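The values are calculated or read from the model by the stated rules, or taken from the named source; none is laboratory data. Just so it is clear, the model here is predicted, and its values are computed rather than measured. Glycine also receives a Cβ, built like all others from the backbone with ideal geometry; neighbour counts cover every protein chain displayed. These area figures cover heavy atoms from the full protein model, side chains too; ligands, DNA and RNA do not enter into them. Shrake-Rupley method; radii C 1.70, N 1.55, O 1.52, S 1.80 Å.
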Amino acid sequence: MGGLSLVELENRCHRRGLRVTANLREILQALLAEPDHPDVDSLRERLRARGRRVCMATVYRNLGHLIAAGVVAEQHFGPGKARYEVATPHDHLIDISTGKIIEFSEPRLNALEDEIAAQMGYRILRRRLEFYAVPVGEKT
Ligand SMILES: [Zn+2]
(Lines give C-alpha, C1' and ligand atoms only; values in the text may rest on other atoms or scores of the structure.)
Protein backbone atom coordinates (compact mmCIF):
# COMPACT_ATOMS: atom_id res chain seq x y z
CA MET A 1 0.00 0.00 0.00
CA GLY A 2 1.47 3.27 -1.10
CA GLY A 3 1.81 6.63 0.48
CA LEU A 4 5.27 6.45 1.99
CA SER A 5 8.22 8.25 0.45
CA LEU A 6 11.84 7.15 0.44
CA VAL A 7 12.70 9.97 2.85
CA GLU A 8 10.05 8.78 5.30
CA LEU A 9 11.37 5.23 5.09
CA GLU A 10 14.93 6.41 5.62
CA ASN A 11 13.81 8.38 8.65
CA ARG A 12 12.10 5.29 9.95
CA CYS A 13 15.35 3.36 9.52
CA HIS A 14 17.31 6.06 11.37
CA ARG A 15 14.82 6.14 14.24
CA ARG A 16 15.13 2.38 14.60
CA GLY A 17 18.90 2.51 14.63
CA LEU A 18 19.45 1.20 11.11
CA ARG A 19 22.25 2.72 9.05
CA VAL A 20 21.04 3.55 5.54
CA THR A 21 23.73 2.25 3.19
CA ALA A 22 23.59 2.64 -0.60
CA ASN A 23 22.42 -0.97 -0.99
CA LEU A 24 19.76 -0.61 1.67
CA ARG A 25 18.48 2.55 0.00
CA GLU A 26 18.35 0.79 -3.39
CA ILE A 27 16.30 -2.03 -1.88
CA LEU A 28 13.86 0.46 -0.38
CA GLN A 29 13.61 2.29 -3.71
CA ALA A 30 13.00 -0.95 -5.59
CA LEU A 31 10.25 -1.92 -3.14
CA LEU A 32 8.65 1.52 -3.41
CA ALA A 33 8.89 1.73 -7.21
CA GLU A 34 6.79 -1.39 -7.80
CA PRO A 35 4.84 -2.30 -4.68
CA ASP A 36 3.82 -5.72 -5.95
CA HIS A 37 5.30 -7.99 -3.25
CA PRO A 38 8.41 -9.23 -5.13
CA ASP A 39 10.27 -12.33 -4.01
CA VAL A 40 14.01 -12.10 -3.46
CA ASP A 41 14.85 -13.11 -7.05
CA SER A 42 12.74 -10.44 -8.68
CA LEU A 43 13.96 -7.93 -6.14
CA ARG A 44 17.54 -8.69 -7.15
CA GLU A 45 16.56 -8.47 -10.84
CA ARG A 46 15.08 -5.10 -10.13
CA LEU A 47 18.26 -3.91 -8.45
CA ARG A 48 20.23 -5.13 -11.45
CA ALA A 49 17.89 -3.27 -13.82
CA ARG A 50 18.59 -0.15 -11.78
CA GLY A 51 22.30 -0.67 -12.49
CA ARG A 52 23.15 -2.12 -9.11
CA ARG A 53 24.88 -5.48 -8.92
CA VAL A 54 24.27 -6.94 -5.50
CA CYS A 55 24.92 -10.52 -4.47
CA MET A 56 22.10 -12.55 -3.03
CA ALA A 57 23.72 -12.65 0.42
CA THR A 58 23.71 -8.85 0.49
CA VAL A 59 20.06 -8.68 -0.53
CA TYR A 60 19.14 -11.19 2.19
CA ARG A 61 21.25 -9.43 4.81
CA ASN A 62 19.71 -6.04 4.08
CA LEU A 63 16.21 -7.48 3.99
CA GLY A 64 16.91 -9.10 7.35
CA HIS A 65 17.92 -5.75 8.85
CA LEU A 66 14.86 -4.02 7.37
CA ILE A 67 12.52 -6.72 8.65
CA ALA A 68 14.07 -6.69 12.13
CA ALA A 69 13.60 -2.91 12.20
CA GLY A 70 9.96 -3.29 11.13
CA VAL A 71 10.48 -1.26 7.95
CA VAL A 72 9.92 -4.17 5.56
CA ALA A 73 7.47 -7.03 5.99
CA GLU A 74 8.01 -10.60 4.82
CA GLN A 75 4.87 -12.25 3.48
CA HIS A 76 4.10 -15.88 2.74
CA PHE A 77 1.16 -16.26 0.41
CA GLY A 78 0.65 -19.96 -0.14
CA PRO A 79 3.48 -22.38 -0.86
CA GLY A 80 5.65 -20.04 -2.96
CA LYS A 81 8.74 -18.10 -1.95
CA ALA A 82 8.63 -15.38 0.66
CA ARG A 83 7.67 -11.98 -0.68
CA TYR A 84 8.62 -8.56 0.56
CA GLU A 85 7.01 -5.17 0.87
CA VAL A 86 7.29 -1.94 2.77
CA ALA A 87 5.62 -2.52 6.14
CA THR A 88 2.34 -0.61 6.28
CA PRO A 89 -0.87 -1.61 8.03
CA HIS A 90 -2.93 -3.49 5.47
CA ASP A 91 -4.25 -6.95 4.64
CA HIS A 92 -4.28 -9.05 1.50
CA LEU A 93 -6.74 -10.88 -0.66
CA ILE A 94 -5.07 -13.49 -2.87
CA ASP A 95 -6.97 -14.48 -6.02
CA ILE A 96 -6.10 -18.17 -6.15
CA SER A 97 -7.01 -18.51 -9.84
CA THR A 98 -4.67 -15.78 -11.04
CA GLY A 99 -2.30 -15.32 -8.10
CA LYS A 100 -3.16 -11.64 -8.08
CA ILE A 101 -2.63 -10.00 -4.68
CA ILE A 102 -5.04 -7.25 -3.72
CA GLU A 103 -4.31 -5.04 -0.74
CA PHE A 104 -7.01 -3.66 1.48
CA SER A 105 -7.41 -1.94 4.80
CA GLU A 106 -10.51 -2.20 6.94
CA PRO A 107 -10.62 -0.33 10.26
CA ARG A 108 -13.68 -2.36 11.35
CA LEU A 109 -11.56 -5.52 11.22
CA ASN A 110 -8.82 -3.95 13.35
CA ALA A 111 -11.36 -2.84 15.95
CA LEU A 112 -12.94 -6.29 15.99
CA GLU A 113 -9.58 -7.99 16.44
CA ASP A 114 -8.67 -5.70 19.30
CA GLU A 115 -12.03 -6.44 20.90
CA ILE A 116 -11.61 -10.21 20.53
CA ALA A 117 -8.09 -10.16 21.96
CA ALA A 118 -9.21 -7.89 24.83
CA GLN A 119 -12.00 -10.32 25.70
CA MET A 120 -9.31 -12.95 26.18
CA GLY A 121 -7.21 -10.52 28.19
CA TYR A 122 -4.70 -9.75 25.45
CA ARG A 123 -3.50 -6.91 23.33
CA ILE A 124 -2.36 -7.63 19.78
CA LEU A 125 1.27 -6.95 18.86
CA ARG A 126 1.37 -8.54 15.43
CA ARG A 127 -1.35 -9.72 13.15
CA ARG A 128 -1.65 -11.62 9.89
CA LEU A 129 -4.82 -11.90 7.87
CA GLU A 130 -5.08 -13.27 4.36
CA PHE A 131 -8.13 -13.99 2.26
CA TYR A 132 -7.70 -16.73 -0.35
CA ALA A 133 -10.49 -16.18 -2.82
CA VAL A 134 -11.90 -16.60 -6.31
CA PRO A 135 -14.00 -14.03 -8.13
CA VAL A 136 -17.70 -14.31 -7.36
CA GLY A 137 -19.32 -16.60 -9.94
CA GLU A 138 -16.12 -18.52 -10.67
CA LYS A 139 -16.19 -22.28 -9.97
CA THR A 140 -13.62 -23.68 -7.55
ZN1 LIG B 1 0.87 -5.85 0.76
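Observations
- Net charge of Cβ neighbours under 13 Å - reference GLY121; Lys, Arg +1; Asp, Glu -1: -1
- Taking only alpha carbon atoms, segment 91-133 gives an Rg to Rh ratio of 1.10, where Rh is the Kirkwood radius.
- Gyration tensor (alpha-carbon) shape descriptor, segment 28-100, a/c threshold 1.5: prolate
- Solvent accessible area, Å² - ASP39, 1.4 Å probe, full protein context: 40 Å²
- Our summary gives segment 91-133 a relative contact order of 52 percent, counting only alpha carbon pairs under 8 angstrom and 6 or more residues apart.
- Cα centre as origin, Lys/Arg/Asp/Glu Cβ charges: the chain dipole, Debye: 760 debye
- Counting only DSSP H runs of at least 4 residues, each contributing -39500 (n - 2.57), and dividing by the residue count of the chain, the helix-based mean residue ellipticity at 222 nm comes to -12500 deg cm²/dmol.
- Rounded to the nearest 10 Å², the accessible area of GLU130 at probe 1.4 Å: 50 Å²
- Peptide ranges 49-57, 9-17 listed from the most packed, as the mean C-beta count within 10 angstrom indicates: 9-17, 49-57
- Surface composition of the chain: carbon plus sulfur atoms contribute 54% of the solvent-accessible area (1.4 Å probe, protein chains only, all chains present).
- Normalised by residue count, the chain yields a Cα convex hull volume of 144 Å³ per residue.
- Amide hydrogen neighbours beyond the local backbone of PHE77, cut-off 5 Å, H modeled: ARG83
- Among the chymotrypsin sites (Phe, Trp or Tyr not before Pro) in segment 51-140, those located in a DSSP loop and surrounded by at most 14 other Cβ atoms within 10 Å of their own Cβ are TYR122.
- Dipole moment magnitude, nearest 20 debye, segment 6-86 about Cα centre, only Lys, Arg, Asp, Glu C-beta charged: 360 debye
- Gaussian network model of the chain, springs between alpha carbon atoms under 10 Å - residue of LEU31, LEU63, LEU125 with greatest fluctuation: LEU125
- Exposure of ILE124 as accessible area (Å², to 10), given a probe of 1.4 Å and all protein chains: 70 Å²
- Relative contact order computed over the chain (Cα-Cα under 8 Å; 6+ residues apart), in percent: 19 percent
- Per residue, segment 6-86 exposes 52 Å² of accessible surface when a 1.4 Å probe is rolled over the protein heavy atoms with every protein chain present.
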